[in-house]
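Have a look at the structure below before the remarks.
The values are calculated or read from the model by the stated rules, or taken from the named source; none is laboratory data. Bear in mind the structure is a predicted one, so any value in this text is a computation, not a measurement. So basically every Cβ, Gly included, is an ideal-geometry build from the backbone, and we count neighbours across all protein chains shown.
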Amino acid sequence: MALLEVKNLVKHFVAARSVFGRPTAFIKAVDGVSFRVEAGKTLALVGESGCGKSTVSRLVLRLIEPDSGSVSFEGRDLLGLDANELRAFRRDAQIIFQDPYASLNPRMTVSQILTEPLALHDLVPPQRRRERVEELLRLVGLEPRFARRYPHEFSGGQRQRIAIARALAVEPKLIICDEPVSALDVSIRSQILNLLRDLQDRLGLAYIFVSHDLAVVKHIADRVAVMNLGGIVETAEAQELFASPRHPYSRALLSAIPVPNPRAKRSRMLLQGEMPSALNPPSGCRFHTRCPYVIERCRVEPPELLADAAGHLTACHRTTELPPSEAFVPVDGGFSPALERLVAAFSGAAEVPVSSGVGIVGAMPPAAV
Ligand SMILES: Nc1ncnc2c1ncn2[C@@H]1O[C@H](COP(=O)(O)OP(=O)(O)O)[C@@H](O)[C@H]1O
Ligand code: SF4
Ligand SMILES: [Mg+2]
(Lines give C-alpha, C1' and ligand atoms only; values in the text may rest on other atoms or scores of the structure.)
(Ligands and ions follow the chains in the order given, each with its own letter.)
Protein backbone atom coordinates (compact mmCIF):
# COMPACT_ATOMS: atom_id res chain seq x y z
CA MET A 1 0.00 0.00 0.00
CA ALA A 2 1.28 3.46 -0.89
CA LEU A 3 1.83 5.94 1.95
CA LEU A 4 -0.12 8.56 0.02
CA GLU A 5 -2.50 8.12 -2.86
CA VAL A 6 -4.03 11.00 -4.75
CA LYS A 7 -6.84 10.27 -7.19
CA ASN A 8 -8.28 12.63 -9.73
CA LEU A 9 -7.86 15.81 -7.70
CA VAL A 10 -9.63 18.85 -9.12
CA LYS A 11 -9.41 22.42 -7.87
CA HIS A 12 -10.73 25.36 -9.88
CA PHE A 13 -10.48 28.89 -8.50
CA VAL A 14 -13.10 31.47 -9.38
CA ALA A 15 -11.47 34.17 -11.48
CA ALA A 16 -14.48 36.36 -12.21
CA ARG A 17 -18.11 36.74 -11.13
CA SER A 18 -21.18 38.25 -12.71
CA VAL A 19 -22.89 41.22 -11.06
CA PHE A 20 -25.12 38.65 -9.34
CA GLY A 21 -22.09 36.91 -7.85
CA ARG A 22 -22.25 33.89 -10.14
CA PRO A 23 -18.83 32.57 -11.14
CA THR A 24 -18.18 33.33 -14.80
CA ALA A 25 -14.54 32.29 -15.20
CA PHE A 26 -12.36 29.66 -13.53
CA ILE A 27 -8.66 29.10 -13.15
CA LYS A 28 -8.26 25.36 -13.63
CA ALA A 29 -5.29 25.16 -11.27
CA VAL A 30 -5.51 21.40 -10.74
CA ASP A 31 -7.60 19.39 -13.15
CA GLY A 32 -7.53 15.66 -12.53
CA VAL A 33 -4.22 14.86 -10.87
CA SER A 34 -3.40 11.34 -9.64
CA PHE A 35 -0.18 9.92 -8.15
CA ARG A 36 1.18 7.74 -5.37
CA VAL A 37 4.01 8.25 -2.94
CA GLU A 38 5.67 5.21 -1.35
CA ALA A 39 6.94 5.31 2.22
CA GLY A 40 10.56 6.44 2.43
CA LYS A 41 10.66 7.56 -1.24
CA THR A 42 10.68 10.86 -3.10
CA LEU A 43 8.21 11.83 -5.76
CA ALA A 44 9.26 14.96 -7.63
CA LEU A 45 6.55 17.16 -9.08
CA VAL A 46 8.13 19.20 -11.87
CA GLY A 47 6.70 21.84 -14.14
CA GLU A 48 6.72 25.48 -15.09
CA SER A 49 5.56 28.14 -12.70
CA GLY A 50 1.78 28.32 -12.51
CA CYS A 51 1.16 24.70 -13.55
CA GLY A 52 -0.50 23.89 -10.21
CA LYS A 53 2.26 22.35 -8.05
CA SER A 54 1.64 24.40 -4.91
CA THR A 55 -2.11 23.93 -5.22
CA VAL A 56 -1.56 20.16 -5.33
CA SER A 57 0.61 20.46 -2.20
CA ARG A 58 -2.06 22.38 -0.33
CA LEU A 59 -4.75 19.92 -1.41
CA VAL A 60 -2.67 16.96 -0.23
CA LEU A 61 -2.33 18.53 3.21
CA ARG A 62 -6.00 19.51 3.26
CA LEU A 63 -5.07 23.14 3.73
CA ILE A 64 -7.63 23.69 0.98
CA GLU A 65 -10.48 21.41 -0.05
CA PRO A 66 -10.67 19.90 -3.53
CA ASP A 67 -13.70 20.35 -5.78
CA SER A 68 -13.50 16.61 -6.32
CA GLY A 69 -11.10 13.69 -6.08
CA SER A 70 -9.55 11.98 -3.09
CA VAL A 71 -6.41 11.92 -1.02
CA SER A 72 -5.69 8.89 1.13
CA PHE A 73 -2.89 8.51 3.62
CA GLU A 74 -1.95 5.02 4.84
CA GLY A 75 -5.07 3.74 3.13
CA ARG A 76 -7.52 6.14 4.79
CA ASP A 77 -9.41 8.82 2.93
CA LEU A 78 -8.52 12.21 4.42
CA LEU A 79 -12.01 13.54 3.81
CA GLY A 80 -13.37 10.87 6.16
CA LEU A 81 -11.09 11.71 9.11
CA ASP A 82 -12.60 12.96 12.37
CA ALA A 83 -10.98 15.81 14.33
CA ASN A 84 -8.58 13.55 16.24
CA GLU A 85 -7.50 11.67 13.15
CA LEU A 86 -6.97 14.90 11.27
CA ARG A 87 -4.76 16.10 14.11
CA ALA A 88 -2.69 12.94 13.84
CA PHE A 89 -2.42 13.47 10.09
CA ARG A 90 -1.21 17.03 10.70
CA ARG A 91 1.67 15.44 12.57
CA ASP A 92 2.41 12.81 9.97
CA ALA A 93 2.53 15.21 7.03
CA GLN A 94 4.54 18.43 7.14
CA ILE A 95 5.48 21.08 4.60
CA ILE A 96 8.48 23.31 4.07
CA PHE A 97 8.39 26.31 1.76
CA GLN A 98 10.62 28.17 -0.62
CA ASP A 99 11.10 31.13 1.68
CA PRO A 100 11.95 30.00 5.19
CA TYR A 101 12.08 33.59 6.38
CA ALA A 102 8.40 34.10 5.65
CA SER A 103 7.48 30.86 7.39
CA LEU A 104 9.42 31.49 10.63
CA ASN A 105 7.96 33.88 13.18
CA PRO A 106 10.54 36.69 13.49
CA ARG A 107 9.58 37.36 17.11
CA MET A 108 10.26 33.82 18.30
CA THR A 109 13.63 32.35 19.16
CA VAL A 110 14.67 29.12 17.48
CA SER A 111 14.02 27.37 20.77
CA GLN A 112 10.45 28.70 20.87
CA ILE A 113 9.91 27.84 17.20
CA LEU A 114 10.96 24.24 17.78
CA THR A 115 9.23 23.84 21.14
CA GLU A 116 5.88 24.96 19.79
CA PRO A 117 5.09 21.78 17.80
CA LEU A 118 6.45 19.60 20.64
CA ALA A 119 4.00 21.24 23.03
CA LEU A 120 1.12 21.37 20.56
CA HIS A 121 1.25 17.64 19.97
CA ASP A 122 2.37 16.87 23.53
CA LEU A 123 5.25 14.82 22.19
CA VAL A 124 7.92 15.42 24.80
CA PRO A 125 7.41 16.20 28.53
CA PRO A 126 8.24 19.85 29.35
CA GLN A 127 11.46 19.02 31.23
CA ARG A 128 12.86 17.18 28.20
CA ARG A 129 11.96 19.75 25.55
CA ARG A 130 15.16 21.73 25.76
CA GLU A 131 17.17 18.58 25.18
CA ARG A 132 14.93 17.67 22.23
CA VAL A 133 15.41 21.11 20.67
CA GLU A 134 19.17 20.61 20.88
CA GLU A 135 18.85 17.16 19.30
CA LEU A 136 16.79 18.62 16.46
CA LEU A 137 19.33 21.34 15.82
CA ARG A 138 22.14 18.80 15.68
CA LEU A 139 20.06 16.65 13.34
CA VAL A 140 19.92 19.47 10.78
CA GLY A 141 23.57 20.43 11.22
CA LEU A 142 23.15 23.48 13.47
CA GLU A 143 24.82 24.11 16.79
CA PRO A 144 22.61 23.73 19.87
CA ARG A 145 23.69 27.16 21.14
CA PHE A 146 21.76 28.70 18.21
CA ALA A 147 18.54 27.90 20.07
CA ARG A 148 18.56 31.33 21.74
CA ARG A 149 18.81 33.28 18.50
CA TYR A 150 16.12 34.81 16.27
CA PRO A 151 15.51 33.94 12.59
CA HIS A 152 17.01 37.20 11.29
CA GLU A 153 20.38 36.22 12.79
CA PHE A 154 20.73 33.35 10.30
CA SER A 155 21.58 32.97 6.62
CA GLY A 156 19.00 31.67 4.13
CA GLY A 157 20.44 28.15 4.23
CA GLN A 158 20.48 28.10 8.02
CA ARG A 159 16.90 29.33 8.12
CA GLN A 160 15.85 26.52 5.82
CA ARG A 161 17.60 24.11 8.24
CA ILE A 162 15.50 25.58 11.06
CA ALA A 163 12.33 25.11 9.00
CA ILE A 164 13.36 21.50 8.38
CA ALA A 165 14.03 20.99 12.10
CA ARG A 166 10.58 22.34 12.89
CA ALA A 167 9.01 19.92 10.40
CA LEU A 168 11.00 17.06 11.94
CA ALA A 169 9.99 17.96 15.49
CA VAL A 170 6.72 16.06 15.13
CA GLU A 171 8.41 12.97 13.60
CA PRO A 172 6.48 13.06 10.32
CA LYS A 173 6.26 10.31 7.70
CA LEU A 174 5.85 12.68 4.76
CA ILE A 175 7.29 16.13 4.10
CA ILE A 176 6.16 18.22 1.17
CA CYS A 177 9.10 20.32 0.08
CA ASP A 178 7.65 23.17 -2.02
CA GLU A 179 10.61 24.63 -3.94
CA PRO A 180 12.77 24.34 -0.79
CA VAL A 181 16.02 25.45 -2.40
CA SER A 182 14.79 27.79 -5.13
CA ALA A 183 15.50 30.89 -3.05
CA LEU A 184 18.97 29.74 -1.97
CA ASP A 185 22.36 30.40 -3.51
CA VAL A 186 23.50 27.60 -5.77
CA SER A 187 26.38 26.81 -3.40
CA ILE A 188 23.96 26.29 -0.52
CA ARG A 189 21.43 24.28 -2.51
CA SER A 190 23.39 21.07 -2.59
CA GLN A 191 24.00 21.26 1.16
CA ILE A 192 20.28 21.44 1.85
CA LEU A 193 19.57 18.70 -0.71
CA ASN A 194 22.20 16.49 0.88
CA LEU A 195 20.69 17.16 4.27
CA LEU A 196 17.22 16.19 3.01
CA ARG A 197 18.58 13.00 1.46
CA ASP A 198 20.52 12.13 4.59
CA LEU A 199 17.45 12.71 6.77
CA GLN A 200 15.41 10.53 4.44
CA ASP A 201 17.88 7.67 4.84
CA ARG A 202 18.08 8.02 8.60
CA LEU A 203 14.44 8.63 9.36
CA GLY A 204 12.68 6.81 6.52
CA LEU A 205 10.87 9.97 5.38
CA ALA A 206 8.86 10.25 2.20
CA TYR A 207 9.01 13.50 0.24
CA ILE A 208 6.91 15.19 -2.36
CA PHE A 209 9.55 17.40 -3.84
CA VAL A 210 8.04 20.27 -5.79
CA SER A 211 10.31 22.09 -8.19
CA HIS A 212 10.48 23.95 -11.47
CA ASP A 213 14.13 22.91 -11.50
CA LEU A 214 15.20 19.66 -13.15
CA ALA A 215 18.67 19.84 -11.59
CA VAL A 216 17.23 19.69 -8.14
CA VAL A 217 14.94 16.83 -9.03
CA LYS A 218 17.80 14.83 -10.40
CA HIS A 219 19.54 14.90 -7.04
CA ILE A 220 16.65 13.74 -5.00
CA ALA A 221 13.86 12.03 -6.93
CA ASP A 222 13.03 8.34 -7.02
CA ARG A 223 10.08 9.03 -9.26
CA VAL A 224 9.20 12.08 -11.32
CA ALA A 225 5.80 13.45 -12.33
CA VAL A 226 5.91 16.13 -15.05
CA MET A 227 3.07 18.62 -14.79
CA ASN A 228 1.67 20.92 -17.44
CA LEU A 229 -1.29 23.27 -16.91
CA GLY A 230 -3.02 21.48 -14.06
CA GLY A 231 -2.40 17.93 -15.25
CA ILE A 232 0.33 15.31 -15.08
CA VAL A 233 1.60 14.43 -18.56
CA GLU A 234 4.18 11.80 -17.65
CA THR A 235 5.27 9.82 -14.59
CA ALA A 236 8.15 7.36 -14.36
CA GLU A 237 11.12 6.32 -12.26
CA ALA A 238 13.64 9.16 -12.31
CA GLN A 239 16.36 7.29 -14.24
CA GLU A 240 13.81 6.09 -16.78
CA LEU A 241 12.26 9.51 -17.27
CA PHE A 242 15.57 11.23 -17.88
CA ALA A 243 16.80 8.46 -20.18
CA SER A 244 13.57 7.74 -22.10
CA PRO A 245 11.16 10.64 -21.92
CA ARG A 246 8.01 9.87 -23.90
CA HIS A 247 5.71 12.85 -23.70
CA PRO A 248 6.53 15.62 -26.21
CA TYR A 249 6.55 18.15 -23.34
CA SER A 250 9.08 16.15 -21.29
CA ARG A 251 11.13 15.64 -24.45
CA ALA A 252 11.10 19.32 -25.22
CA LEU A 253 12.50 19.97 -21.78
CA LEU A 254 15.21 17.38 -22.19
CA SER A 255 16.09 18.14 -25.79
CA ALA A 256 17.69 21.42 -24.79
CA ILE A 257 20.64 19.44 -23.42
CA PRO A 258 23.75 20.04 -25.47
CA VAL A 259 25.07 16.76 -26.86
CA PRO A 260 28.26 15.64 -25.11
CA ASN A 261 29.44 13.77 -28.21
CA PRO A 262 29.22 16.16 -31.18
CA ARG A 263 28.94 13.27 -33.63
CA ALA A 264 25.91 11.85 -31.88
CA LYS A 265 22.75 12.26 -33.90
CA ARG A 266 19.96 13.93 -32.08
CA SER A 267 16.89 15.92 -32.91
CA ARG A 268 16.01 19.05 -31.10
CA MET A 269 12.42 19.85 -30.48
CA LEU A 270 11.24 23.38 -30.15
CA LEU A 271 8.11 24.39 -28.38
CA GLN A 272 5.73 26.39 -30.51
CA GLY A 273 3.76 29.31 -29.19
CA GLU A 274 3.15 30.74 -25.77
CA MET A 275 2.32 28.76 -22.69
CA PRO A 276 -1.45 29.03 -22.48
CA SER A 277 -3.13 30.25 -19.31
CA ALA A 278 -4.85 28.07 -16.73
CA LEU A 279 -7.67 30.60 -16.97
CA ASN A 280 -8.56 29.46 -20.42
CA PRO A 281 -6.71 26.22 -21.05
CA PRO A 282 -6.77 24.67 -24.52
CA SER A 283 -9.37 22.01 -25.26
CA GLY A 284 -8.34 18.37 -25.71
CA CYS A 285 -4.66 17.88 -24.92
CA ARG A 286 -3.56 20.99 -23.07
CA PHE A 287 -0.19 20.83 -24.76
CA HIS A 288 -1.65 20.90 -28.26
CA THR A 289 -1.00 24.59 -28.93
CA ARG A 290 2.74 23.98 -28.48
CA CYS A 291 3.13 20.42 -29.69
CA PRO A 292 4.83 19.71 -33.03
CA TYR A 293 3.02 16.34 -33.30
CA VAL A 294 -0.49 17.71 -32.90
CA ILE A 295 -3.26 16.05 -34.94
CA GLU A 296 -6.97 16.85 -35.07
CA ARG A 297 -7.82 14.37 -32.32
CA CYS A 298 -5.50 16.21 -29.90
CA ARG A 299 -7.56 19.38 -30.19
CA VAL A 300 -10.77 17.74 -29.07
CA GLU A 301 -10.00 14.70 -26.92
CA PRO A 302 -7.97 14.96 -23.71
CA PRO A 303 -5.46 12.08 -23.60
CA GLU A 304 -5.58 9.76 -20.59
CA LEU A 305 -2.51 9.11 -18.45
CA LEU A 306 -1.89 5.46 -19.38
CA ALA A 307 0.69 3.08 -17.89
CA ASP A 308 2.86 0.53 -19.67
CA ALA A 309 3.81 -2.77 -18.02
CA ALA A 310 6.83 -1.15 -16.34
CA GLY A 311 4.77 1.58 -14.69
CA HIS A 312 5.80 4.41 -17.02
CA LEU A 313 2.72 6.59 -17.51
CA THR A 314 2.17 8.96 -20.43
CA ALA A 315 -0.75 11.16 -21.46
CA CYS A 316 -0.44 11.46 -25.23
CA HIS A 317 -2.59 10.08 -28.08
CA ARG A 318 0.50 9.45 -30.17
CA THR A 319 2.86 7.81 -27.68
CA THR A 320 3.36 4.73 -29.86
CA GLU A 321 3.88 6.71 -33.09
CA LEU A 322 6.47 9.20 -31.85
CA PRO A 323 10.15 8.87 -32.74
CA PRO A 324 12.14 6.82 -30.22
CA SER A 325 13.35 8.76 -27.23
CA GLU A 326 17.04 8.11 -27.97
CA ALA A 327 16.83 10.92 -30.49
CA PHE A 328 16.08 13.39 -27.72
CA VAL A 329 18.43 12.49 -24.94
CA PRO A 330 22.21 12.44 -24.74
CA VAL A 331 23.79 9.24 -26.11
CA ASP A 332 25.00 8.29 -22.68
CA GLY A 333 21.44 8.73 -21.39
CA GLY A 334 20.60 9.29 -17.79
CA PHE A 335 22.36 11.85 -15.72
CA SER A 336 25.01 13.24 -18.06
CA PRO A 337 26.96 16.43 -17.38
CA ALA A 338 25.09 17.82 -20.35
CA LEU A 339 21.92 17.51 -18.38
CA GLU A 340 23.35 19.95 -15.92
CA ARG A 341 23.43 22.54 -18.67
CA LEU A 342 19.84 21.93 -19.71
CA VAL A 343 18.89 22.17 -16.18
CA ALA A 344 20.73 25.43 -15.76
CA ALA A 345 18.83 26.75 -18.75
CA PHE A 346 15.53 25.46 -17.40
CA SER A 347 15.98 26.44 -13.80
CA GLY A 348 17.44 29.81 -14.64
CA ALA A 349 14.40 30.54 -16.76
CA ALA A 350 13.67 33.72 -14.86
CA GLU A 351 17.11 35.13 -15.58
CA VAL A 352 17.34 34.04 -19.21
CA PRO A 353 16.16 36.76 -21.58
CA VAL A 354 12.84 35.42 -22.72
CA SER A 355 11.36 36.79 -25.86
CA SER A 356 8.09 34.93 -25.67
CA GLY A 357 7.62 35.27 -21.94
CA VAL A 358 7.93 31.52 -21.49
CA GLY A 359 10.94 30.24 -19.62
CA ILE A 360 11.37 27.02 -21.50
CA VAL A 361 11.04 28.55 -24.92
CA GLY A 362 13.53 31.20 -23.93
CA ALA A 363 15.93 28.55 -22.76
CA MET A 364 15.74 26.67 -26.04
CA PRO A 365 18.33 27.18 -28.76
CA PRO A 366 17.29 29.73 -31.37
CA ALA A 367 16.97 27.30 -34.28
CA ALA A 368 16.18 23.64 -34.78
CA VAL A 369 19.18 21.46 -35.56
N1 LIG B 1 -6.01 31.08 -4.10
C2 LIG B 1 -6.00 31.22 -5.42
N3 LIG B 1 -6.94 31.95 -6.05
C4 LIG B 1 -6.94 32.08 -7.40
N5 LIG B 1 -6.03 31.52 -8.21
C6 LIG B 1 -5.05 30.79 -7.63
C7 LIG B 1 -4.97 30.61 -6.22
N8 LIG B 1 -3.88 29.82 -5.95
C9 LIG B 1 -3.32 29.55 -7.14
N10 LIG B 1 -4.00 30.12 -8.15
C11 LIG B 1 -3.73 30.01 -9.61
O12 LIG B 1 -3.66 28.63 -9.89
C13 LIG B 1 -2.64 28.35 -10.84
C14 LIG B 1 -1.65 27.36 -10.23
O15 LIG B 1 -0.93 28.01 -9.19
P16 LIG B 1 0.15 27.25 -8.28
O17 LIG B 1 -0.46 26.01 -7.76
O18 LIG B 1 0.64 28.24 -7.29
O19 LIG B 1 1.27 26.88 -9.36
P20 LIG B 1 2.82 26.53 -9.15
O21 LIG B 1 3.05 26.22 -7.70
O22 LIG B 1 3.06 25.37 -10.08
O23 LIG B 1 3.59 27.74 -9.61
C24 LIG B 1 -2.03 29.69 -11.19
O25 LIG B 1 -2.65 30.14 -12.36
C26 LIG B 1 -2.37 30.55 -10.00
O27 LIG B 1 -2.45 31.91 -10.37
S1 SF4 C 1 -1.81 14.27 -27.41
FE2 SF4 C 1 -1.30 15.29 -29.33
S3 SF4 C 1 -0.89 17.43 -28.77
FE4 SF4 C 1 -0.87 16.22 -26.90
S5 SF4 C 1 1.25 15.73 -26.58
FE6 SF4 C 1 0.39 14.01 -27.69
S7 SF4 C 1 0.71 14.49 -29.87
FE8 SF4 C 1 1.05 16.39 -28.71
MG1 LIG D 1 4.44 27.07 -6.32
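Looking only at residues of region 294-341 that are surrounded by 15 or more Cβ atoms within 10 Å (Cβ to Cβ), at pLDDT 85 or above and assigned to a helix (DSSP H, G or I), we find that the one that is nearest to ligand 1 (Cβ to nearest atom) is CYS298. Scanning region 275-293 for residues that are out of contact with any helix residue (DSSP H, G or I) (no Cβ under 9 Å at 6 or more places or on another chain) and modelled with pLDDT under 90, we see that the one that is nearest to LYS53 (Cα to Cα) is ALA278.
Each row is one residue, and each column tells you yes or no for (1) touching a Leu at 6+ places or on another chain (Cβ under 9 Å); (2) under 25 Å from LEU86 (Cα atoms); (3) more than 9 Å from ligand 1 (Cβ to nearest atom).
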| position | (1), (2), (3) |
| --- | --- |
| GLU5 | no, yes, yes |
| LEU9 | yes, yes, yes |
| VAL14 | no, no, no |
| SER18 | no, no, yes |
| VAL30 | yes, yes, no |
| LEU45 | no, yes, no |
| SER70 | yes, yes, yes |
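Residue by residue through region 285-318, note down the ones that are near ligand 2 (Cβ under 7 Å from one of its atoms) and of a type in the set (Val, Ile, Thr). The answer is VAL294, ILE295.
Could you tell me which of the residues ALA83, ALA88 is out of contact with any Leu (no Cβ under 7 Å at 6 or more places or on another chain) and over 23 Å from GLY40 (Cα atoms)? Break it down into steps so the answer makes sense when it comes.
Values: ALA88 fails: over 23 Å from GLY40 (Cα atoms).
Unique residue meeting the criteria: ALA83.
Being more than 16 Å from ligand 3 (Cβ to nearest atom) and in contact with a Phe, Trp or Tyr (Cβ under 7 Å, 6 or more places away or on another chain): is that true of LEU78 here? So LEU78 fits the description; yes. The residue list GLY40, GLY80, GLY32, GLY52 contains one member that is within 16 Å of ligand 2 (Cβ to nearest atom) and out of contact with any His (no Cβ under 7 Å at 6 or more places or on another chain), which is GLY32. Scanning region 1-37 for residues that are under 18 Å from SER57 (Cβ atoms) and surrounded by fewer than 16 Cβ atoms within 10 Å (Cβ to Cβ) turns up LYS7, ASN8. Residues in region 92-104 that are out of contact with any Ser or Thr (no Cβ under 8 Å at 6 or more places or on another chain) and at pLDDT below 95: ASP99, PRO100, TYR101, ALA102, SER103, LEU104. Taking interchain pairs and intrachain pairs at least six residues apart, which have beta carbon atoms under 9 angstrom, with the first residue in region 7-28 and without any contact (Cβ under 8 Å) to a residue 12 or more places away in the chain and over 30 Å from ARG76 (Cα atoms) and the second within 16 Å of ligand 2 (Cβ to nearest atom) and not aromatic (Phe, Trp, Tyr)? Listed by first residue and then by second, the contacts come to nothing, as the list is empty.
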